[in-house]
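The values are calculated or read from the model by the stated rules, or taken from the named source; none is laboratory data. Model, not experiment: these values are computed from the prediction. Cβ: placed from backbone, ideal geometry, glycine included. Neighbour counts: every protein chain shown. Accessible surface areas use protein heavy atoms only, side chains included; no ligands, DNA or RNA. Shrake-Rupley method; radii C 1.70, N 1.55, O 1.52, S 1.80 Å.
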Amino acid sequence: MDIEKVNSMDFGEFVDVFGNVIERCPLIAAAVWSQRPFLDLEDLQKHFFAVIDALPQSGQEGILRCHPDLAGRELQQGTLTAESQREQSGAGLTCLGADERLRLAELNAQYRARFGFPFILAARLSDPAAMQRELARRLLCPPAQELRTALGEVKKIGGLRLADLLCADPAKL
Ligand SMILES: NC(=O)NC1=NC(=O)NC1=O
């Protein structure tokens with residue numbers, strides 16, 4: 001899909017295609033649509049990120065809370081969105097040993113209890129062992145810093161999803 005096609009989309013088509021670039025937050029795509037036309041993929045991505053950055057903290061935390069846990073209940077129950085399912089299974093989270101899964105669940109629970117939102121990391125750029133190390137490390141960070149880190153991961157996930165949708169090479173963003 002090229003940027004001319006994106007710029008020609010009406011509101012409904014745009015939200016249908018880009019509504020899950022930010023996990024379960026179609027409102028972000030709805031807001032981005034009114035900023036068209038976009039110069040290229042990088043410009044489109046910049047507009048997604050600008051909407052996130054302009055939100056009040058409550059809205060930013062709301063975005064984080066829309067994310068499913070890594071290797072959590074939704075992965076077990078098969079209720080993840082198609083994008084999350086692909087990302088989590090691609091990162092090897094569907095074939096964890098019982099103790100690995102339990103350890104991640106414990107750390108995820110501690111993280112959520114401390115920060116009030118789920119631990120978020122771009123699974124496609126990681127693996128189960130690295131995730132566990134990152135979770136344990138970030139668990140100790142100050143809340144304000146962790147909010148920024150988590151939003152950064154949401155942007156990485158969104159950038160990769162956008163690159164997929166426009167069949168672009170994420171490294172060239
Ligand atoms: N809590 C999460 O980080 N979830 C996820 N990261 C991804 O890359 N896909 C997810 O579902």
*Hey, what's the stretch 37-155 come to in accessible area per residue, 1.4 Å probe, Å²?*
49
_Extension reserve of the GLN110-ALA54 stretch, reckoned as 0.36 nm per residue once the Cα distance is removed_ = 17.3 nm
*Ignoring ligands, DNA and RNA, what percent of the 1.4 Å accessible area of the stretch 85-161 is carbon and sulfur?*
57
*Using only the alpha carbons, work out the radius of gyration and Dmax of the chain in angstrom.*
16.3, 50
*What are the aspartates and glutamates whose alpha-carbon lies under 15 Å from the alpha-carbon of LYS155, with same-chain residues fewer than 8 places away excluded?*
GLU23, GLU42, ASP43, ASP53, GLU61, GLU83, GLU87, GLU146, ASP164
*asked:* Students often check this: by mean Cβ neighbours within 10 Å, which of 70-83, 19-32 ranks highest, and how do the rest follow?
replied: 19-32, 70-83
*Ordered by residue, what ³J(HN,Hα) values in Hz, to whole numbers, does the stretch 41-48 give under the Karplus form 6.51 cos²θ - 1.76 cosθ + 1.60, where θ = phi - 60° and Gly and Pro are x?*
4, 5, 5, 4, 4, 4, 6, 4
_Stretchable slack from ALA144 to CYS66, in nm (0.36 nm times residue separation minus alpha-carbon distance)_ = 26.2 nm
_Which residue, ALA171, CYS66, VAL15, has the largest displacement toward the positive end of the dipole of the chain when charges sit on each Cβ (Lys, Arg +1; Asp, Glu -1)?_
CYS66
*Percentage of Cα-Cα pair distances in the stretch 69-143 greater than 17 Å, rounded to whole percent?*
39
*asked:* Shape verdict for the stretch 42-81, please, from the Cα gyration tensor: rounded (a/c under 1.5), prolate (a/b greater than b/c) or oblate.
replied: oblate
*Rounded to the nearest 10 degrees, what's the angle between the helix 128-138 long axis and the longest principal axis of the chain, both from Cα atoms, 0 to 90?*
90
*Taking only DSSP H segments of four or more residues, each worth -39500 (n - 2.57), what value at 222 nm results for the chain once the sum is divided by all its residues, to the nearest 500 deg cm²/dmol?*
-19500 deg cm²/dmol
